[in-house]
Amino acid sequence: MNKTFNINRFGNVVRRDGMSYFSNYGWTLVVLWAIPVILWFLTYISMETFDTGVISNRATTISTLMWLSLMIVPSRLYKNYNDSRNGVVLAMTPASSLEKFLSMILYCVVVTPIIYSIGALFIDTVLALKPGTNPYDGFIFSDIFSKNYESYREMLSLGDEELNSTIYDYALSKNHFVYKMLQILGFSSVFMFTNMLFKKRKLSKTIGILTILGIIFSICVVRYVMNLEYNFNANWTDEEITNYVKGVVNYAYNFIFYSSLISASAFLYLTYYKIKKQTY
Amino acid sequence: MITLKNLDFSYKRTAVFKNISLEFKEGNVYGLLGENGVGKTTLLKLICGLQFPNAGICKVDEFIPQERNPYFLQNIFYLPEEVITENTTPENFINKLGVFYPCYDYSYFLNLMKELEVDHTKKFDAMSYGQKKKSLLACALSLRTDYLLLDEPTNGLDIPSKALFRKVILQHSIDVNNSTDAINRINRTDAINRVPTIIISTHQVKDVENLIDPIVILDHDEVLLNATFEEISSKLYFDYGSEKSDDALYTEMIPGGYINVLPNKFEMESKVNVEALFNAVRNNKKKIKEIFEN
């Protein structure tokens, strides 16, 4: 008899949450999947004027929508968890707080990004396969698996082609999977927690708070970049410049790693605590 | 058994219970009565772990409700006054929930739905308030938990539904262990022989008058009464006469005369009127305590 975790009980919680997944979140997924289709159509009708169907733009769009799906999912699937009326059944379900919490993580952090990304990539592929006039050329899949990461290359563009290539290779040598997973976990945990914290307007309140924090963070980044430019010495050799920029890239990666780790640990703990101690 | 000992509870600065002690013994259908705002719903929530006491002990068997131990939760079900608004059918609702309860009995659920005259395949959204309440009652009973807490279960029910409610609760409290389906699915040996303990919190005492025994009358800082009908009728005499009695603890005019609630000095038998009892207790808190303590 284990009151903290039992695999059968956990399976029942996962099954119960799964049974209401599409009824609670299905339409949101459909809308998020429809956006690439609408964008394709807009590109199609304006392709003579703009060159907008490049892979990096499409990948960025799908990636942005995947993050959006992560923001929405807790407030759609678990909106009643802190509701004094409808939350009673969830709180009184004979499963431990840990089992309920793990199921929440499974659907908010694992299932949703996978389902959305697979669906969106499938839609993009179908659109790219359209015979005849088509603004989409090439497949996002092939870009991902070739590790070409056009969008990433553009982002890191530093003007100088040789330096660009060195830094690009250096950045790619990092374990991106770990960084991405940590970012997803850190990001989702914020929305999981605020879903438990706020009773009404969960999403808009969270976005409002994050916007304010984002502005403060941007000011800090601007100050940091200004400081970098100040430190930059025009007499440096190429190697010195490369090392300096590598240091900045390293700093950025460390920041992403630790901020995601701290955010995930803190907000996941707080979410678990809220599930355990929520009163009705 | 449910034990509350020296329990304190407050919502922020509003004190609800101060040092109350109370016991609910197994196998009874308790009627939990009290004035508005006295904390009947809060008491039920404390018992099932939806609220946490500030001080004192609240125990259900060997479990502390606020720990929300899964083995405790599979033995208790709380049906709130306000109906759940999930947009699904009662059948889907109970199928999702039933897997967590070892004694859940699907065939019993279907029988109850039939008996309560509600379509189990109809969505909650398409049901009237009374139909929703009856569906949820069938769901709650079919889980066959040892403890069932019902908050104002007859609110919103029409007259025939109230009669059906009394019938199914009475049947449930008697033949809970007769279902072969339940016995086949049981993996707790102790559950087979346990008769459920039901606590009904209500203002509609007439709806449950013939159902509840014992009766608990609650006040903010004390339990005014916790007694069986037998104890009540041995201590109090309910006189249905044409005259008002000067010695009565409480008198109320009824069609054809008066009902007088008197101390039962001569050990006479009488039928307990719960409404009159409630008013008598409310108006004579100290005296009633003295009568029942002797």
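Since every read-out is calculated from the coordinates, none of them should be taken as a lab result. None of the values given here were measured: they were computed from a predicted structure. No Cβ is skipped: glycine too gets one built from the backbone with ideal geometry, and neighbour counts run over all protein chains shown.
Below, the figures for the structure above:
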read-out: Helical contribution to [θ] at 222 nm, DSSP H n ≥ 4, -39,500 (n - 2.57), averaged over chain B, rounded to 500; value: -9500 deg cm²/dmol
read-out: Amide H within-cut-off set for B:Thr197, under 5 Å, with H built and near neighbours excluded; value: B:Gly27, B:Tyr147, B:Leu148
read-out: Cα gyration tensor, the stretch B:1-73 - rounded (a/c under 1.5), prolate or oblate; value: oblate
read-out: Cβ-based exposure ranking for B:Thr197, A:Thr28, in which fewest neighbours within 10 Å come first; value: A:Thr28, B:Thr197
read-out: The stretch B:225-292: GluC sites (Glu not before Pro) in DSSP loop, at most 16 other beta carbons within 10 Å; value: B:Glu243, B:Glu267, B:Glu269
read-out: Centroid-to-centroid separation of the stretch B:98-163 and the stretch B:74-93 [C-alpha atoms, Å]; value: 8 Å
read-out: Residue of A:Ser97, A:Ser63, A:Ser173 that the Gaussian network model of chain A assigns the largest fluctuation, springs spanning Cα pairs under 10 Å; value: A:Ser173
read-out: Calculated from backbone phi, Karplus (6.51, -1.76, 1.60) coupling profile of the stretch B:233-240 in Hz, x at Gly/Pro; value: 6, 7, 9, 10, 10, 9, 9, 9
read-out: Phi to ³J(HN,Hα) by Karplus 6.51 cos²θ - 1.76 cosθ + 1.60 over the stretch A:239-245, Hz, x for Gly, Pro; value: 5, 5, 4, 4, 4, 5, 5
read-out: Relative contact order (%) - criterion: Cα under 8 Å, at least six apart; region: the stretch A:7-277; value: 27 percent
read-out: For the protein assembly as shown: rounded, prolate or oblate by the Cα gyration tensor [a/c cutoff 1.5]; value: prolate
read-out: Efficiency of FRET from Cβ geometry, B:Glu23 and B:Glu67, R₀ 22 Å, rounded to 0.05; value: 0.65
read-out: ³J(HN,Hα), Karplus 6.51/-1.76/1.60, whole Hz, each residue of the stretch B:6-16, x for Gly, Pro; value: 6, 7, 10, 8, 8, 9, 6, 9, 8, 6, 9
read-out: Sparsely packed chymotrypsin sites (Phe, Trp or Tyr not before Pro) within the stretch A:234-265, loop by DSSP, other Cβ within 10 Å at most 14; value: A:Trp236
read-out: Residue-averaged [θ]222 nm for chain A, counting only DSSP H segments that reach four residues, each worth -39500 (n - 2.57); value: -25500 deg cm²/dmol
read-out: Antiparallel %, DSSP beta bridges [both residues in the protein assembly as shown], to 5; value: 65 percent
read-out: Highest-fluctuation residue, A:Arg15, A:Arg58, A:Arg223 considered, GNM on chain A with Cα pairs under 10 Å; value: A:Arg223
read-out: Neighbour cut-off at most 15 other Cβ (10 Å), DSSP loop, trypsin sites (Lys or Arg not before Pro), the stretch B:1-86; value: B:Lys12, B:Arg13, B:Lys25
read-out: Other protein chain Cβ atoms within 10 Å, averaged over every residue that makes up A:75-86; value: 2
read-out: For the stretch A:7-277: rounded, prolate or oblate by the Cα gyration tensor [a/c cutoff 1.5]; value: oblate
read-out: Listed residues A:Phe217, A:Phe122, A:Phe22, most fluctuating in chain A (Gaussian network, C-alpha, under 10 Å); value: A:Phe217
read-out: Sequence-distant residues sharing a close amide H with B:Val223 (under 5 Å, placed H); value: B:Ser21
